[in-house]
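Remarks on the structure that follows.
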Amino acid sequence: MARHIGAKPAVILLCAALALAGCKSKQEKADDYYQSAMALVAKGDVPRAMIELRNVFQYDVSHKAARREYGDLLLATGRVQEAYGQYLRLSEQYPDLVDPHRLLAELSLRSGNMDEARRQMNTTLDLAPDDPGALAVGLALQLRAAMAGNETSAYADIGAKARALTQRAPDVATAWHVLIDTLNAQGDQEGALSAIKTALLQKPAQYRLQVMRLELLAALKRNDQIGAQLKRMQELFPDDPKTRTALIAWYVLRDDPDGAANFLRKLAGDPASESDGYVQLVQFLAQSRGAQAAATELDTLIAQAKGTPNARLFGAMRADLDFTAGQRDKALARMKALLQDAPESEQTDRLRVSYAQMLDRAGQRKAAQTQLDSALKVAPDLVPALRLRAQWLIDADNPEDALVALRRALQQAPQDAPTLTLMAQANMREGAPDLAGTLLAQAYEASNRRAAEARNYADFLLDQKRPTAAAALLSEAIQHNPDDPGLLHRQADLALSQTDWAQAQRIAEHLDTLQRPEASALAQSIRAAILLGRGQSDAAIDTLKSLADSTSNNGAIAAVIQAQLAAGRTDAARSYLADQLTAAPKDRGLRLLSANLDSLTGHGSEAEAGLRALCSERPADSQPARQLYRLLAAAGRDAEARQIIDATLKAQGDAPDPLLLLYRARSQNKAGDYEAAIATYDALYQRNSDNAVLANNLASLLSQHRDDPASLARAAAIAQRFRESPEPAFKDTYGWAEYRLGNFAQAEPLLAAAAAGLPDTALAQYHYAMVLLASGDETTAAAQLQKALDLAGADLPAQMQDAPAQLAKLRASAKRGN
């Protein structure tokens, strides 16, 4: 009994100890989490350390060391704005601490917030008057002010103070940046390069200084050091795409595509588990060494990745290469085999979408639809599948349902640039260009200002007659894509159209630095356009001749002839072309130019003979057939012109030239064979439903020459894209389609605008008269009908045959009313 009683205090003491252990203070818990975080930092486990630091703040929001460590980790991982917030809170909690104010000053300087940088600098110096970091920020602010005011005399003093500061505190990065920027501003490239070298010894991973070193090496023509610098930057910044791209370009410029390919292979990793790097490798090989090199690489990768999901991915890429090379049956068979045994997964669903795209491009829309439906049944939110469905709906002039699919896709990937671009396309089809423009701007931003999205948006702005906005966009986009020929070409065209010769010249000079044949040719053509624009015909022609000699390109020769004709030098143009033909008498391109020159200078018989000879030699060649059609049609020989088109299209078989089909459709329409014209326009429209002219012509024919509800509804669906169009003819088409459907209220403003914009077109006036009549405004309708008949004269268009009777009926009604 005594032993039992004696044991009781021990039990009580144990329970008390356990209770005390479970009742740590908030401060103790915060400190425990902080110590755990620091242990994780020591091990390099930063993500878990940051979780532990956030746990600290649940128990002690004012934990000084934890707040500082958390800010430092955020800054080290590139989350600058979040780090700024942590330092700001620390400075508010402990206003007498020097470090947070200095860090806030440096970060404000980096972000361009000069006022805040100055305020935090002053606070730092109030607390520590000799703080080197704050003094460096002060020098940076002085340098910016001097540069803004062009006070070059201040550079020497600022540079001397910055140099002294780097010697006193070599670990203060801002001081080095001020010194380097000052030396650059003074034109001392050697001094700047030396200072960068010393600064990078302190901290190599300074991206800005590494880029500056690369630029200075290039400016000083230290070509032997550029490769090593790029490789060093790749080691320091392995995830930086610009460095990777620059290093690949360096290999290419050294004519070492194998070196570039080996570099990409080294980065790519294990083909059985890694894929992104190999996708880039294959794309590079296809561009630099051709499809066969890419195919060989993929065959190797397929073997290396056998039995893994990557083998199917590489197999699909191989099928795409075959498909692009014209081996469609082989590509489709490969895709079918890949999918046969594939397990259900997101990759399999994506492969189904790729297979559907191939089937569709091969003209097998029904089979493609089956594959797409299979993918969406398993994965209804799969973004590529939703995009493909939306594209088909847009092609079918059903933008409303397309937008439903695209909104669903956007919910899964809110910043997906291709989805935003398709949404813009759908809105254009709906006749909402303002919304389309907003979406194209969003796509451009979402893509991180990628060149493709920039080109799309620039084209939209130019189409909408907004050259100022297009110029601003191109200027910004080229800063991010400085070597994109498409952007530079558009910028040059815009500069030339605005007679901004200086800008055009700068673009030409930049194109020359790209060291690519096509870029150099574009640069020369820009220079020639500048000279022609300035009235310097002789110099322009000499420039174009130089371009023609260097490229052996018939397009450049044609440009010479065009320039000579524009200058009134017909004989010189003939003589120049004769010399070219003497050197290459069998060249079909030159013979075609000769026939065109004959046609332009009034030698129609010679032109016709030359073109017929070219057509006879190669019956399927579109170029001479196009010119011969235009020559015959202009002479009123419509039946012969039509024969040329029909013969060439027959020779072309399953690959007809779209322009020849367009000529056929125009001929059919002119001959009054409206059903044949509709069929031809429909075939063209199926191939390119984005073409506004095709859409207008097809919708116009459907609404004017058919009466069945399905055709009229289709005409309105096709033409609805013209709802906000500034083009009166397009408004007329859409308005008349709505009129034929009985939607008079919707049709009237469109047809009124069309009639105002086409005051000399009888059919536009007639259409407006008919909608006024349908709306009950008989008086205005009668006046409008009279105007239409006056414009048409004796030869009434087929669509206006009822106009005289309608006018007579209105006048009789008006008399009865009186």
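Quick check: the distance between the Cα centres of the stretch 274-328 and the stretch 38-67, to the nearest angstrom?
Taking the Cα centre of each part, the stretch 274-328 and the stretch 38-67 sit 46 Å apart.
If you take every residue apart from Gln704 with its C-beta less than 11 Å away from the C-beta of Gln704, what net charge results, scoring Lys and Arg +1 and Asp and Glu -1?
Taking every other residue near Gln704 into account, the sum is 0.
Working from Cα positions, state the angle (0 to 90°, nearest 10) between the long axis of helix 98-111 and the longest principal axis of the chain.
For 98-111 against the chain, the angle is about 10 degrees.
Can you check what the net charge comes to around Gly85, using other residues whose Cβ is under 14 Å from the Cβ of Gly85 (Lys, Arg +1; Asp, Glu -1)?
+1
Quick check: Cα centre of the stretch 392-431 to Cα centre of the stretch 627-661, how many Å?
Each part reduced to its Cα centre gives a spacing of 38 Å.
Cut-off is 10 Å between beta-carbons; in what order do Phe284, Phe744 appear when sorted fewest neighbours first?
Phe744, Phe284
Students often get this wrong, so try it: which of [x] 63, 39, 32; [y] 88, 37, 23; [z] 48, 30, 26 is semi-axes √(5λ) of the Cα gyration tensor in Å as calculated from the structure shown?
Here semi-axes √(5λ) of the Cα gyration tensor in Å agrees with entry [x].
From the alpha carbon gyration tensor of the stretch 730-818, can you work out the equivalent ellipsoid semi-axes (sqrt of 5 times each eigenvalue) and give them in Å, largest to smallest?
Working: eigenvalues 78, 52, 23 Å².
Here the semi-axes work out to 20, 16, 11 Å.
Expressed as a whole number of Å, what is the distance separating the alpha-carbon centroids of the stretch 105-144 and the stretch 156-215?
Cα centroid of the stretch 156-215 versus Cα centroid of the stretch 105-144: 18 Å apart.
Any idea what the dipole of the chain comes to, in debye rounded to 20, about its Cα centre with Lys/Arg Cβ at +1 and Asp/Glu Cβ at -1?
1160 debye
At a Förster distance of 30 Å, what's the computed FRET efficiency of Asp45 paired with Ser345, Cβ-Cβ distance as r, to 0.05?
0.45
Among the aspartates and glutamates, select those whose C-alpha is under 13 Å from the C-alpha of Lys29, and discard any that sit fewer than 8 residues away in the same chain.
Of all the aspartates and glutamates, those that pass the test against Lys29 - Cα under 13 Å, at least 8 places apart if same chain - are Glu52, Asp60.
Going through the cross-link list Lys242/Lys465; Lys231/Lys336; Lys266/Lys306; Lys43/Lys231, which pairs have a Cα-Cα distance over 31 Å in this structure?
Over 31 Å apart, Cα to Cα: Lys242/Lys465; Lys231/Lys336.
Every number here is computed from the coordinates shown, using simple stated rules; none is lab data. Treat the numbers as computed from the prediction; the structure is a model and nothing was measured. For neighbour counting, all protein chains shown are included, and Cβ atoms are generated from backbone atoms with ideal geometry for every residue, glycine included.
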